[in-house]
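The values are calculated or read from the model by the stated rules, or taken from the named source; none is laboratory data. Everything numeric here is computed off the predicted structure, so don't read it as measured data. Positions of Cβ are backbone-derived with ideal geometry, glycine not excepted, and every protein chain shown enters the neighbour counts.
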Amino acid sequence: MQLRPGCQRILPASIHCLQAWGRIHELLRDHPRPARGFLLHSYGGSKEMVEPLAKLGAYFSFPGYFMHERKARQREAFQAVPLDRLLIETDAPDQLLPDSEIIFRCATARANRSIIQQFVAVYEFVARERGMSVQSFADQIEENFLRLFGI
């Protein structure tokens with residue numbers, strides 16, 4: 001694993017895992033981890049893996065792509081993520097929001113894939129899912145981001 005530089009420099013790590021959550025848990029459990037924690041980019045694992053990974057220092061990023069109806073299992077897993085371990089991402093332009101959720105329409109399809117304009121929709125969606133106001137949710141996400149990345 002390439003977590004050693006993060007451990008040595010006190011930097012967070014970003015991990016992209018696809019269908020190997022049990023193995024990634026084993027590796028993280030059995031090797032040194034960055035003191036700041038690590039981000040599970042576009043977390044697609046089960047809700048049962050959330051608690052063990054969070055105990056190891058994981059932060060879980062919710063991508064706007066999971067707003068699609070067919071992603072109900074992933075949204076269910078995010079309900080298990082502790083609020084202080086949750087982050088937001090768009091993963092645009094690779095993983096697009098459902099067309100119905102794009103708030104700001106631009107003249108070109110390319111512009112509709114913009115990372116910045118999609119954040120509003122993702123924040124509103126996840127705040128609603130969590131039963132929170134957008135402002136209090138955004139404040140929590142900012143706190144989580146600053147804790148992980150130390151900016």
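Key figures
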quantity: Filter pass, Ser46 being surrounded by fewer than 19 Cβ atoms within 10 Å (Cβ to Cβ), on the phi < 0 side of the Ramachandran plot, at pLDDT 90 or above and among the polar types (S, T, N, Q); calculated: yes
quantity: Check on Arg70, under 28 Å from Glu124 (Cα atoms) and touching an Asp or Glu at 6+ places or on another chain (Cβ under 8 Å); calculated: no
quantity: Odd one out for Phe78, checked against (1) modelled with pLDDT under 65; (2) within 19 Å of Ala58 (Cα to Cα); calculated: (1)
quantity: When residues of segment 49-64 are limited to those that are out of contact with any helix residue (DSSP H, G or I) (no Cβ under 7 Å at 6 or more places or on another chain) and over 22 Å from Asp139 (Cα atoms), the one surrounded by the most Cβ atoms within 10 Å (Cβ to Cβ); calculated: Glu51
quantity: Within segment 17-43, tally of residues that are surrounded by 12 or more Cβ atoms within 10 Å (Cβ to Cβ), in a loop (DSSP other than H, G, I, E, B) and under 17 Å from the mean Cα position of the chain (by Cα); calculated: 6
